[in-house]
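**Q** Below you will find the structure I want to go over with you.
Coordinate-derived values only; no laboratory data. Please read these numbers as outputs of a predicted model, since none were measured by experiment. Cβ atoms come from the backbone with ideal geometry, glycine included; neighbour counts cover every protein chain shown.
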2 protein chains.
Amino acid sequence: MGEAAPRAAQAPDSAHNLKEGTGSAGNGAAAIDFRTEPARYRHWKLSTNGNVATLTMDVDEKAPLLGGYELKLNSYDLGVDIELADAIERLRFEHPEVAVIILKSGKDRVFCAGANIRMLAGATHAHKVNFCKFTNETRNSIEDASENSGQKYICVVNGTAAGGGYELALACDHIMLVDDGSAAVSLPELPLLAVLPGTGGLTRVTDKRKVRRDHADVFCTTEEGVKGKRAVDWRLVDEVMPRSRLDESVEKRAKAIAATLSGKPAKGIALTPVERKRTADGNEYKYVSVAFARDNRLATITLRGPESAPPSSADEMTKQGAAFWPLQLARELDDAILDIRLNELEVATIVFKSDGDAQRVLAHDAFLDANAAHWLTREIRFKWKRVLKRVDMTSRSLVTLVEPGSCFAGTLAEFIFAADRCYMLIGTMQGDNRAPATIVLDDANFSGVYAMSNGLSRLATRFLGEPGSLDAAKGETGKPLDAERVEALGLVTFALDDIDWEDEVRLFLEERASFSPDGLTGMEANLRFAGPETMETKIFARLTAWQNWIFQRPNAVGPEGALTRYGSGQKPNFDLKRV
Amino acid sequence: MGEAAPRAAQAPDSAHNLKEGTGSAGNGAAAIDFRTEPARYRHWKLSTNGNVATLTMDVDEKAPLLGGYELKLNSYDLGVDIELADAIERLRFEHPEVAVIILKSGKDRVFCAGANIRMLAGATHAHKVNFCKFTNETRNSIEDASENSGQKYICVVNGTAAGGGYELALACDHIMLVDDGSAAVSLPELPLLAVLPGTGGLTRVTDKRKVRRDHADVFCTTEEGVKGKRAVDWRLVDEVMPRSRLDESVEKRAKAIAATLSGKPAKGIALTPVERKRTADGNEYKYVSVAFARDNRLATITLRGPESAPPSSADEMTKQGAAFWPLQLARELDDAILDIRLNELEVATIVFKSDGDAQRVLAHDAFLDANAAHWLTREIRFKWKRVLKRVDMTSRSLVTLVEPGSCFAGTLAEFIFAADRCYMLIGTMQGDNRAPATIVLDDANFSGVYAMSNGLSRLATRFLGEPGSLDAAKGETGKPLDAERVEALGLVTFALDDIDWEDEVRLFLEERASFSPDGLTGMEANLRFAGPETMETKIFARLTAWQNWIFQRPNAVGPEGALTRYGSGQKPNFDLKRV
């Protein structure tokens, strides 16, 4: 397999490929759509019973996202994971009363066989990498729900949990394994396919479950995995029980965990569908516009500020529900980013702009602060935190342009610090009678409420080498800051007057488009995350990079590689040099 | 360029390629030798004057290690770096009186152009990766000398410091740049070659010098680099001065730094040559044997214990000098590991064994402890720490076999915890009348004196998930522990009796040799370093992995890639998909 090999046309045949509009999936397929809802799930069932929900994986093998393979044995592809991500998010917003989620299989004696191997063997390098990134974000969202929303995941492993199947279990809080002499957890990627468990498995084994290194070595090289008592002794699972006692044990465990989680809100809000109008050159949402200039390899995302003042009360906010500006904007932006990632592979640079009333943005931040303990404001801020992390993890160059009419204030100012660079116009452009642009900081930029994967706020990360600048910026909270002031404060990269603006910005965008896409990906992945490392940064930076490397190596994907030859009856033929 | 392309015979023509023995460099060239000494340097000059040393880089362009390129403009290859590593080490052992090292160029208006591009374009993937690993270890050894031995490095950038040239500067404590309108520091790898600065540059920019992310972005995409005041403002260098005041400024700075470092020992020891006898199937040193079973892709390293009791005093130790058992063993092992890394590319697994009297090993540890404040014992322990890290970073499977006659005690017990797995024989083999093997722990296994790159001892890393086991092991300090006891304590992976021993060990080694070499490299890199991350682990795990990935990408190394086309007058042709 290679990048250059022509791919068979992969007509998407699953329900969540809407075939709408004119988006190009970069690989010749119609656009991949990340919007779904339980009624349209093909692979999962979500049900709730009081404060316990059950999320059942029952993959429809005839409904692959890309085509050309069958999703046997609860193996998954991106389409399966899109539904899982949706379910996890709905549980937080629509079912905040839920304290425990039982994640189980709908198949007999099979939990999940992991990522579909035929899909991996046939997918482009870019799709494999994007697939792993999204599934990683989904696994992280399980841990995020557990940590921040008190929604604890119990994983019921009723049979084989192999590779990505076990990695899904690893993202849960509590893993229960049937002890029947055959059910096992395994990470067989290396012995079977010559690749790595690409969805956080190695990192969660070492850093979350803290499995001893030599045990981890044995585990990850044992195709059939580990079962029974040894799985518990090695901390690979939390408990084992006979099949006959499985249901009863799960129920007991769910009740016990739920009992520790009190004070749940009674009722959620509906996550109504994200409305998107796709045209040849863009995507239009209510608060987000995406304009593609594909010849220049650009996507310009304009974020629109709120149209009115914040609601008068938390009840009023709850009534607005998914239409409440911060929530609707976050969901629209999330969709826009994912669409670019998967469907617009040649976009080199994402340009962030904003349009609106900064004071209204700040008023919404103030409203969220004033109601900080309310479950919905909490969920909205956590959602923003995840969306901003999704931006950080997007392997496109990011630039924010601050111009008259913009509203980069508070939450929206995060886009200045999330970007690889920010340019701000000094004064106005000739013929534009709007006031010169300003930036306003508020508490959201400092409090850590939108912490990056490294655990620090974007401003704290920016100023790791100059803590005095962080204090100076804090001292300016609430004040509209003009271009020269923010440049002096170190908040933007360059402040430019109208004479230089167009040329400088154009030159930057052209230069960016001229560089090696891979080189930029590697460079940005290293420059964006200074400071502390966390399990999350380890997964995205370290594990992902190794996996990307291996996904290119002939020993995995060459004509005689293990991934290519899997299932062919032929053994792989390896280049034996250790590198 | 590709792995499969036959390489022109690269007859090494530099002085440090000894062409001795029958080693195979894996790429058809004669073996690369890491042993050198100042009298044989081709590229560096080392001089000392009181407590200030000067290390002058003056690369002989006609003396490349591999052949087929010229080392113009102080560009370097592995041969140049082998000399630098030697000089840094000699400064610590032979010149402990030195407090400040002035690292400068012997060329006019050129500091260092970085890694030689023709060498990179022509080298195999394996050589590129091994080259980067060694140069990284050398840069780390500069920081190690600064931190642990109070030998501070001043880097004098008298002209261009590009790519690896600036990365060398980044490893120093203090960077002085001439301000003459042309001298600049730069990381032009991305715009020029579509690869990353592979020797820690990105990580040191973000995490050591804490350059603001957007400044780092501008810097790393600006081919010509940054000079003058901006270089200081952005924290890329520490100070600039006119060329006319350069010598005077350096002298002043060196004196000022030296004045802060008091209490230096007066006199060092000579690092006499490491004697090695190379045969067709191995390397023999005094305390280390390396036996290759190339058909089985194995290298067995046997570490021999001391032949006598430790010296009676620190003076006596100083007299023994490089012949003092712990120091001689460490130097021999370092050479053996590097030889396998670069010259035995198809070795899949390194087997560690030991042979000797455990009590004498412990007596040496006790001697080092008793003289812990002596400069030479300190240097020896730091040397061991570096050698053990070199083992950790070696991308071969590591297994330790504990058998009768072995002496895995104290310092040598680290090899049990440095290995991916450890097997220990219960009792004895038939016909062997030696006592059953035991393991003895001492303070060196717990104190952190041999901390891994993650900052923790190997045992603390091993037991991250079970602190009680760490305490239990500590409670057994000084006691000879038999196989069943150490297995119960979690110190070895498997304890096996004589009936299972041979088959189990053989099966493991065969299995290891059957796996994808790349897959193992990625897996081991992820499993070996649980717990905290440091700048060092970031460099080796994160930056290296991205660089390895990019070193495989067609945009860099394909027929139309930037590295391939560099200097050809043709522009690279990129696959524009962002991944």
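**Q** Between B:E70 and B:Q570, take the C-beta separation as r, use R0 = 25 Å, and let me know the FRET efficiency to the nearest 0.05. Please report the intermediate quantities before stating the final value.
**A** Values: r = 21 Å, r/R0 = 0.85.
After rounding, the FRET efficiency stands at 0.75.
**Q** Taking the Cα-to-Cβ direction at A:D432 and at B:K474 and moving 7 Å from each Cα, how far apart do the two end points lie in nm?
**A** 6.3
**Q** To the nearest Å, what is the center-to-center distance of the stretch B:167-201 and the stretch A:320-361, using C-alpha atoms only?
**A** Going from one Cα centre to the other spans 37 Å.
**Q** Considering only Cα-Cα distances, which of the following residue pairs are longer than 32 Å: A:K538/B:K229; B:K210/B:K353; A:K208/A:K385; A:K45/B:K577? Before the final figure, lay out each step's value.
**A** On the way: A:K538/B:K229 36 Å; B:K210/B:K353 43 Å; A:K208/A:K385 22 Å; A:K45/B:K577 35 Å.
A:K538/B:K229; B:K210/B:K353; A:K45/B:K577, as the Cα separations exceed 32 Å there.
**Q** Here is a follow-up. When the Cα centres of the stretch A:363-388 and the stretch A:91-112 are compared, how far apart do they sit, in Å?
**A** 26
**Q** Same structure again: Would the stretch B:475-518 count as rounded, prolate or oblate if I go by the C-alpha gyration tensor, calling it rounded below 1.5 in a/c and otherwise prolate when a/b exceeds b/c, oblate otherwise?
**A** On the way: a/c = 4.24, a/b = 1.93, b/c = 2.20.
It is oblate, given that a/c is not under 1.5 and a/b is not larger than b/c.
**Q** Something else: Taking a virtual spin label 7 Å from the Cα of A:D443 along the C-beta vector, which residues in the stretch A:312-328 bring their backbone nitrogen under 12 Å of it?
**A** none
**Q** Assign one of three labels to the protein assembly as shown, namely rounded, prolate or oblate, based on the Cα gyration tensor with a ≥ b ≥ c the square roots of its eigenvalues; rounded applies when a/c is under 1.5, prolate when it is not and a/b is larger than b/c, and oblate otherwise.
**A** Oblate shape, in that a/c is at least 1.5 and b/c is the bigger or equal ratio.
**Q** Using the Cα centre as the reference, give the magnitude of the dipole from point charges on the C-beta atoms of the stretch A:135-190 (Lys, Arg: +1; Asp, Glu: -1; all else neutral), rounded to the nearest 20 debye. Provide the component values of the computation, followed by the final result.
**A** Details: 2 positive and 9 negative charges, 18 e Å.
Dipole magnitude for the stretch A:135-190 comes out near 80 debye.
**Q** Here's a follow-up. Once you average over the residues of A:536-544, how many Cβ atoms of partner chains fall within 10 Å of each Cβ?
**A** Per-residue shielding by partner chains comes out at 5.
**Q** Same structure, new question: Between A:A488 and A:A366, what length comes free when the chain is fully extended (0.36 nm per residue of separation minus the Cα-Cα distance, one decimal in nm)? It would help to have the intermediate numbers written out before the result.
**A** On the way: separation 122, 0.36 × 122 = 43.92 nm, distance 2.66 nm.
Full extension from A:A488 to A:A366 adds 41.3 nm.
**Q** Enumerate the aspartates and glutamates that A:K479 could reach by cross-link, defined here as Cα to Cα under 15 Å, with residues fewer than 8 away along the same chain left out.
**A** A:D357, A:D365, A:D442, A:D443, A:D471, A:E487
**Q** Starting with the highest mean, order B:142-150, A:339-347, B:111-119 by the number of other Cβ atoms within 10 Å, averaged over the residues of each peptide.
**A** Working: B:142-150: 19.1, A:339-347: 22.4, B:111-119: 25.8.
Going from most to least packed, we get B:111-119, A:339-347, B:142-150.
**Q** Less than 20 Å apart at the alpha-carbon level, and either on another chain or at least 8 residues along: which aspartates and glutamates does that give for B:K571?
**A** Those aspartates and glutamates meeting the cut-off are A:D295, A:E346, A:E510, A:E511, A:D518, B:E189, B:E223, B:E224, B:E560.
**Q** Roughly what would the spin-label model give for B:A323 and A:D60, points 7 Å off Cα along C-beta, in nm?
**A** Placing both labels 7 Å beyond Cα along the Cβ direction yields 8.1 nm.
**Q** Over chain A, what is the relative contact order in percent, taking alpha-carbon pairs closer than 8 angstrom and at least six residues apart?
**A** Details: 1116 pairs, mean separation 70.0, N = 579.
Reported as a whole number, the value is 12 percent.
**Q** If you don't mind, another one. At q = 0.18, 0.23, 0.24 Å⁻¹, what log₁₀ I(q)/I(0) does a Debye calculation on the Cα points of the stretch B:73-173 give, no solvent, two decimals?
**A** Relative scattering, expressed as log10 I(q)/I(0), comes to -0.85, -1.25, -1.32.
**Q** Sequence-distant or interchain residues sharing an amide H contact under 5 Å with A:K264, placed H: which?
**A** For A:K264, whose amide H was placed from the backbone, there are no distant partners under 5 Å.
**Q** Right, next: Among rounded, prolate and oblate, which fits the stretch A:359-437 when a ≥ b ≥ c are the square roots of the eigenvalues of its C-alpha gyration tensor, a/c under 1.5 means rounded, and a/b larger than b/c means prolate?
**A** On the way: a/c = 4.11, a/b = 1.43, b/c = 2.88.
Note, shape of the stretch A:359-437 comes out oblate.
**Q** Rank-order B:278-290, A:62-74 by packing density, defined as the average count of other C-beta atoms within 10 Å over each peptide's residues, highest first.
**A** Working: B:278-290: 17.8, A:62-74: 20.0.
Answer by packing, highest mean first, reads A:62-74, B:278-290.
**Q** Counting partner chain Cβ atoms within 10 Å of every residue's Cβ in B:199-212, what's the average?
**A** Numbers: counts 0, 0, 1, 7, 3, 0, 3, 9, 8, 2, 1, 9, 4, 11.
If you average over the peptide's residues, the count of other-chain Cβ atoms is 4.
**Q** Turning to a different aspect of this structure: Quick one: dipole size for the protein assembly as shown, taken about the Cα centre, charges +1 on Lys/Arg Cβ and -1 on Asp/Glu Cβ, in debye to the nearest 20. Please report the intermediate quantities before stating the final value.
**A** Values: 144 positive and 164 negative charges, 3 e Å.
Dipole of the protein assembly as shown, to the nearest 20 debye: 20 debye.
**Q** If a paramagnetic tag sat 7 Å from the Cα of B:R245 along the Cα-Cβ line, which residues of the stretch B:163-181 would have the backbone N under 13 Å from that point?
**A** B:177-180
**Q** Could I ask something else about it? Can you tell me the Rg and Dmax of the stretch A:382-476, counting just the alpha carbons, in angstroms?
**A** In Å, with Rg to one decimal and Dmax whole: 14.1, 44.
**Q** Which value, in debye to the nearest 20, describes the size of the charge dipole of the stretch A:291-427 about its Cα centre when Lys and Arg Cβ atoms bear +1, Asp and Glu Cβ atoms bear -1, and nothing else is charged?
**A** 340
**Q** At a 10 angstrom cut-off on C-beta neighbours, averaged per residue, how do the peptides B:548-559, B:483-494 rank from highest to lowest?
**A** Output ranking for B:548-559, B:483-494: B:548-559, B:483-494.
**Q** Just from its helices, what would the mean residue ellipticity at 222 nm be for chain B, if runs of 4 or more DSSP H residues each count -39500 (n - 2.57) and the sum is divided by every residue, rounded to the nearest 500 deg cm²/dmol? Don't skip to the end; give the middle numbers.
**A** Numbers: 21 runs with 213 residues, N = 579.
After summing the helix terms and dividing by residue count, I get -11000 deg cm²/dmol.
**Q** Continuing with this model, one more query. If N is the number of residues in chain B, what value comes out of its Cα radius of gyration divided by 2.2 N^0.38 Å? Mind showing how you got there, number by number?
**A** Working: Rg = 24.1 Å, N = 579, 2.2 N^0.38 = 24.7 Å.
Working it through for chain B, the quotient is 0.98.
**Q** Shielding of A:550-560 by partners, i.e. mean partner chain Cβ atoms within 10 Å per residue?
**A** Counting other chains' Cβ atoms within 10 Å and averaging over A:550-560 gives 5.
**Q** Can you give the FRET efficiency to the nearest 0.05 for B:A266 and B:E307, using r as the Cβ-Cβ distance and R₀ = 30 Å?
**A** Numbers: r = 30 Å, r/R0 = 1.00.
Computed FRET efficiency for B:A266 and B:E307 comes out at 0.50.
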